[in-house]
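Trainee: Please read through the structure below; I'll follow up with questions.
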Amino acid sequence: MNVLGIDPGLASTGWAILEPGRPPRLANYGCIRTNKSLTLPERLAAIFQETAAVIRENNPQVLAIEELFFAKNTKTAILVSQAIGVIKLAGVKAKIAVFGYTPLHVKMATVGYGQADKHQVEFMVKKILHRQEAIKPNHAADAVAVAITHLQHNPKLG
């Protein structure tokens, strides 16, 4: 049961496809980028369309997305929340299960420490996947961490 992990953002949305196993196999990954010159509705439409294309091309059975937990910048949080909404819509329209995980859940599942920084998460993603090289861009690495979190919360998949 392949998992599509998503690290949402308005400018850059990371995605990764993980196949369950010991270790999980990174099947594909990338980043959806939107142009700042587009209107907000146009950027959201692009995120929706690109997410739907990723789902069609990779055929995951599950979409796991990082949810907002707390944001210091309310304006940014509102924009990212809208991106999360269109990503979830793409999953629902594709008839795949959609799950959300807070950054705390992601850090606990990958690093074992809820206050871990991005570098620690990236290091552990490499270690969990038995990779020598880092996954770039970092939004894609974060998406892998979200997919790992889903697998950790659903051990029957691995």
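Trainee: How much net charge surrounds Val106 when only the other residues with a Cβ under 10 Å from the Cβ of Val106 are counted, with Lys and Arg +1 and Asp and Glu -1?
Mentor: Details: positive: Lys107; negative: Asp7, Glu66, Glu67, Asp142.
Result for the neighbourhood of Val106: -3.
Trainee: Can you put His105, His119 in order, fewest other beta carbons within 10 Å first?
Mentor: His119, His105
Trainee: Just flag the GluC sites (Glu not before Pro) in segment 59-146 sitting in loop per DSSP whose Cβ has no more than 13 other Cβ atoms within 10 Å.
Mentor: On the way: sites: Glu66, Glu67, Glu122, Glu133; in loops: Glu67, Glu133.
When the GluC sites (Glu not before Pro) of segment 59-146 are filtered for loop state and at most 13 Cβ neighbours within 10 Å, Glu133 remain.
Trainee: Would you please name the chymotrypsin sites (Phe, Trp or Tyr not before Pro) within segment 1-89 that are DSSP coil residues with at most 10 other C-beta atoms within 10 Å of their C-beta? The partial results should precede the final answer.
Mentor: On the way: sites: Trp15, Tyr29, Phe48, Phe69, Phe70; in loops: Phe69, Phe70.
Taking segment 1-89 and a limit of 10 other Cβ atoms within 10 Å, the loop chymotrypsin sites (Phe, Trp or Tyr not before Pro) found are Phe70.
Trainee: Can you give the relative contact order of the chain as a percent, counting alpha carbon pairs under 8 Å and 6+ residues apart? Please list the in-between numbers first.
Mentor: Details: 303 pairs, mean separation 52.1, N = 158.
Contact order relative to length: 33 percent.
Trainee: Tally Lys/Arg at +1 and Asp/Glu at -1 over every other residue whose Cβ is under 11 Å from the Cβ of Gly30; what's the total?
Mentor: So the environment of Gly30 carries a net charge of 0.
Trainee: Same structure, new question: From the helices alone, meaning DSSP H stretches of at least four residues, give me the mean residue ellipticity at 222 nm for the chain, per-run term -39500 (n - 2.57), in deg cm²/dmol to the nearest 500.
Mentor: Computed mean residue ellipticity for the chain: -15500 deg cm²/dmol.
Trainee: Sorting Arg56, Arg25, Arg33 on the 10 Å Cβ count, fewest up front, what's the list?
Mentor: Working: Arg56 10, Arg25 13, Arg33 16.
Listed from fewest to most nearby Cβ atoms, that is Arg56, Arg25, Arg33.
Trainee: Which entries of Lys72/Lys127; Lys107/Lys127; Lys36/Lys72 show an alpha-carbon separation above 19 angstrom in the structure shown? All intermediate terms of the calculation are to be shown ahead of the outcome.
Mentor: Details: Lys72/Lys127 31 Å; Lys107/Lys127 14 Å; Lys36/Lys72 22 Å.
Violating the 19 Å limit, Cα to Cα: Lys72/Lys127; Lys36/Lys72.
Trainee: Sort out for me the Cα centre separation of segment 1-49 from segment 81-116, rounded to whole Å.
Mentor: 11
Trainee: For Asn59 and His130, FRET efficiency with R0 = 30 Å and r from the beta-carbon atoms, rounded to 0.05? Please list the in-between numbers first.
Mentor: Numbers: r = 24 Å, r/R0 = 0.80.
Computed FRET efficiency for His130 and Asn59 comes out at 0.80.
Trainee: Of the candidates Ala46, Ala147, Ala134, which one comes out as most mobile in a Gaussian network treatment of the chain with C-alpha springs shorter than 10 Å?
Mentor: Maximum fluctuation in the GNM of the chain, among the listed residues, is at Ala134.
Trainee: Once you keep just the Cα pairs under 8 angstrom separated by 6 or more residues, what percentage relative contact order results for segment 107-147? Display every interim value, and only then the final one.
Mentor: Details: 31 pairs, mean separation 13.4, N = 41.
This gives 33 percent for segment 107-147.
Trainee: Can you tell me what share of the DSSP beta bridges in the chain is antiparallel? A percent to the nearest 5 is fine. Let's see the in-between values first.
Mentor: Numbers: 13 of 22 bridges.
If I count the DSSP bridges inside the chain, around 60 percent turn out antiparallel.
Values in this text are rule-based calculations from the coordinates and carry no lab data. Quick caveat, the model's predicted, so the values are computed rather than measured. Neighbour counts are summed over all protein chains in view; Cβ atoms, including those assigned to glycine, are modelled from backbone coordinates with ideal geometry.
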